[in-house]
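Below is one structure, written out as structure tokens, with a few remarks after it.
Since every read-out is calculated from the coordinates, none of them should be taken as a lab result. Just so it is clear, the structure is predicted and the values come from calculations on it, not from any experiment. Cβ placement follows ideal geometry from the backbone for every residue including glycine, while neighbour counts extend to all protein chains displayed.
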Protein chains: 2
Amino acid sequence: MPSAESAPVDPPSPGGLAAQSGESGVGGLAGVGGLAIHPVTGLGEVRPGDDLAAMLAAVLVPADRSVSPVPGGLADGDVVVVTQKVVSKAEGRIVAIDGDDPEAKRALVESESVRIVRRRGDLLITETRHGFICANAGVDLSNVDAGTAALLPVDPDRSARRIREVLEHRYGVEVGVVISDTFGRTWRRGVTDVAIGLAGVAGVVDLRGTADATGRILEATEVCVADELAGAAELVMGKDRGIPAAVLRGVDPRWLRPSSVAGEIIRPPDEDLFR
Amino acid sequence: MPSAESAPVDPPSPGGLAAQSGESGVGGLAGVGGLAIHPVTGLGEVRPGDDLAAMLAAVLVPADRSVSPVPGGLADGDVVVVTQKVVSKAEGRIVAIDGDDPEAKRALVESESVRIVRRRGDLLITETRHGFICANAGVDLSNVDAGTAALLPVDPDRSARRIREVLEHRYGVEVGVVISDTFGRTWRRGVTDVAIGLAGVAGVVDLRGTADATGRILEATEVCVADELAGAAELVMGKDRGIPAAVLRGVDPRWLRPSSVAGEIIRPPDEDLFR
């Protein structure tokens, strides 16, 4: 895994943030190192076959940049977090299902799984084809039309790359893209948003072997910044507000590099103590 | 668990964010619903017996508010995330240990644990007295003086309440406080920061039974916003920069209510499929 130090990007400069976001320094981010999270409103309903990247660009990179939900419009170095639901809709990963039939739902979850990890009542914890271990194989009945369910994208890293490439090549902005979904955790209550697909922004940043603030060498400190970015974005999106994306501005530029969830975040079975 | 709806706080108003942070709206947060994360620099070295809340206040609520790392100084509704390391230092939870002696470290980890959950080589996953399941019982050898280790606070919820009470009663600001620590996760590589102590800000927000954007009733959607706040703060702190705290401005005011990690986030054994 590449370390943060090996990324071919300059460290942040004092003028970088303000210059990038057009901020005066008064009332904006507090100097170097701050992060702003902007909810993306106005995307409209996403339907199968829609060009989601173009829809995002219409909102984030409008002709009149002053009306973008991100100050000055989307800019190089921003990270766009997009929820799985709208990606699945655009990619047509919607299936018909009778939401009131537990058997139909169970069969659908099993068809999306390669392995059942735990089962209790209606709850299945399974491993998906991607290698995610999560509840109900990521099959979701909320925020989709009644009588339908949303499945996970076939290849969420590819979904992220497609959005990133359109934003870069068609609209001229070089950004990171995170596809996020809502997963539960062992031992802790409540779900959090995590990264299921990545393009152009790090999954895990390896700080092993670098000195800490006291000059001692750090022990293993591989930070999954992608999951923290996804969770941070969730804080401005909420489950009940129908906001399907957020833009993070001020992300450490060393993290903007090629990456994937499959390659960096999914823990290989031989490393895993809880399979 | 209280639902978001039952919290006795008004929903965010369009003027609230700008008014609260003194922002002009030009170059600041992009309208309603944005979140800004400010790293807290200038705290100085924390030592056993230090009044950490007063040290935070000296930086965040200075006589000249314009020099605070948070625009205009700490304000009502802000959430202060403080890393476990400085809390443990202030509370004297530092012990002498030969960091090169694996046996000594193992004995210390076991003395901080009530149960060994998994063991592989030098790595112990244990349950602490608090009920956390994490690597090495949270014992940490980094960012402390050589020959010492930092243990988790005895009662991190109490640590959070103390900081919050000092900030409120001595300095007149009503904020949420999160004590954060760095935990690994099952099935996913990399660590993320999570909440180990809370005061005045929600752990888990219960959106069950509320309508989603399509008007359908959501399935179980209990979001652990506290862990997302802790992870978001980590994004501006990093492991190698020695920044021990961050302030989040723009947090949903409905989340600012009494809470605790012990009461809301630690999953009871009878709910847990992975013990």
- line: For the stretch B:47-64, Karplus-derived ³J(HN,Hα) couplings (6.51, -1.76, 1.60; θ = phi - 60°; whole Hz; x for glycine and proline) come out as 10, x, x, 5, 8, 4, 4, 5, 5, 4, 5, 4, 7, 8, 10, x, 4, 9
message: What are the ³J(HN,Hα) couplings of the stretch B:102-109, residue after residue, when phi is run through the Karplus curve with 6.51, -1.76, 1.60 and θ = phi - 60°? Round to Hz, x for glycine and proline.
response: x, 5, 5, 5, 4, 4, 5, 4
query: DSSP beta bridges in the stretch A:94-152, what fraction antiparallel, as a percent rounded to 5?
result: 100
Amide hydrogen neighbours beyond the local backbone of residue A:61, cut-off 5 Å, H modeled: A:74
message: Suppose R0 equals 22 Å. What FRET efficiency, 1/(1 + (r/R0)^6) with r the Cβ-Cβ distance, do residue A:54 and residue A:95 give to the nearest 0.05?
response: 0.30
- prompt: Amide H neighbours of residue A:242 under 5 Å, counting only residues 5+ apart in sequence or on other chains, H built in-plane at 1.01 Å?
  reply: B:213
query: Taking amide H positions as placed 1.01 Å from N in the peptide plane, with prolines and chain starts having none, which residues 5 or more places from residue A:134, or on another chain, fall under 5 Å of its amide H?
result: A:126, A:128
query: Using a simple spin-label model with points 7 Å from Cα along the Cα→Cβ vector, what separation in nm is obtained for residue A:158 and residue A:145?
result: 2.5
query: For the stretch B:124-132, in order, what is each residue's ³J(HN,Hα) by Karplus, 6.51 cos²θ - 1.76 cosθ + 1.60 with θ = phi - 60°, in whole Hz (x at glycine and Pro)?
result: 10, 9, 10, 9, 8, 4, 5, x, 6
query: Roughly speaking, what is the centre-to-centre gap between the stretch A:81-105 and the stretch B:156-183 when only Cα atoms are used, to the nearest Å?
result: 41
